[in-house]
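The values are calculated or read from the model by the stated rules, or taken from the named source; none is laboratory data. The shown structure was predicted, so the numbers you read here are calculated from the model rather than taken from an experiment. Positions of Cβ are generated from backbone atoms using ideal geometry, with glycine treated the same way; all protein chains shown enter the neighbour counts. Calculation scope for accessible area: heavy atoms of the full protein, side chains included, ligands and nucleic acids excluded. Shrake-Rupley method; radii C 1.70, N 1.55, O 1.52, S 1.80 Å.
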Amino acid sequence: MPHKIPESVLVVIHTADLEVLLIERADRPGFWQSVTGSLDRPDEPLLETATRELFEETGIAADGERIVLHDWHLSNIYEIYETWRHRYAPGVTHNTEHVFSVCVPRDIAITLAPREHVQYAWLPLLAAADRCFSSSNAEAILQLRHHFPPA
């Protein structure tokens, strides 16, 4: 299996009134997060990665009209958890994560990828930030108010 590219997207899914969708990892029970995923190839456009990962992990299709991904033009560099470093080339210790958000209707159908996630929950903004295991994910959720003021 080829090594993962140490560049990824984070997609915060929310409603107009800032409820946030979190998904629980299948390989780490209790680890809740927003949609995340690495580039499939070094030249894959970030929007393409975000669109693909959103659909793969939740079944939500960003059509660019009703469901629109917003690129925050914000990147976080973080140290890859030791648990997951084996997925990357030897010596790779950090990942660059690009932040996106998407506003969806609260009643949108969610279809999880069962090999990746086991359940989902809609939570108020602060509760969602508190539940995330990733500090960059929690911070992005808290910044959501600045990128998408509540209705």
Problem set entry | Estimated FRET transfer efficiency when R0 is 30 angstrom, pair His146-Glu65 (beta carbons, to 0.05) | 0.75
For this session: With a 1.4 Å probe and every protein chain left in place, work out the accessible area per residue of the chain in Å², rounded to a whole number.
Result: 53 Å²
For this session: Using a 1.4 Å probe over the heavy atoms of the protein chains, calculate the carbon and sulfur portion of the accessible area of the chain as a whole percent.
Result: 55 percent
Seminar exercise, completed: Diffing the stretch 114-121: the Karplus 3J(HN,Hα) column from phi (6.51, -1.76, 1.60, θ = phi - 60°), in whole Hz with x for Gly and Pro, holds x, 6, 9, 9, 10, 7, 9, 8
For this session: Rounded, prolate or oblate: pick one for the stretch 1-64, where a ≥ b ≥ c are the square roots of the eigenvalues of its C-alpha gyration tensor, a/c under 1.5 means rounded, and failing that, prolate if a/b is larger than b/c, else oblate.
Result: oblate
Seminar exercise, completed: Between Arg52 and Asp17, the two model label points (7 Å from Cα along the beta-carbon direction) sit apart by a distance in nm of 3.6 nm
For this session: With label points built 7 Å along Cα→Cβ from the Cα atoms of Val92 and Phe133, find their separation and express it in nm.
Result: 2.0 nm
Exercise. Hey, what angle do you get for helix 46-58 against the long axis of the chain, alpha-carbon based, 0 to 90 degrees rounded to 10?
Worked result: 70 degrees
Problem set entry | Paramagnetic reach from Ala121 (point 7 Å along Cα→Cβ, amide N under 17 Å) across the stretch 4-18 | 13-15
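Could you order the peptides 78-87, 30-39 from most to least packed, using the average number of other C-beta atoms within 10 Å per residue?
Details: 78-87: 12.2, 30-39: 19.8.
Final packing ranking: 30-39, 78-87.
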Problem set entry | Cα long-axis angle, helix 135-147 against the chain (0 to 90 degrees, to the nearest 10) | 40 degrees
Seminar exercise, completed: Ranked output for segments 59-72, 11-24 by mean other Cβ atoms within 10 Å, highest leading, reads 11-24, 59-72
For this session: Using the Cα centre as the reference, give the magnitude of the dipole from point charges on the C-beta atoms of the chain (Lys, Arg: +1; Asp, Glu: -1; all else neutral), rounded to the nearest 20 debye.
Result: 300 debye
Exercise. Fully extended, how many nm does the chain gain between Ala26 and Ala109 (0.36 nm per residue separation, minus their Cα-Cα distance)?
Worked result: 27.9 nm
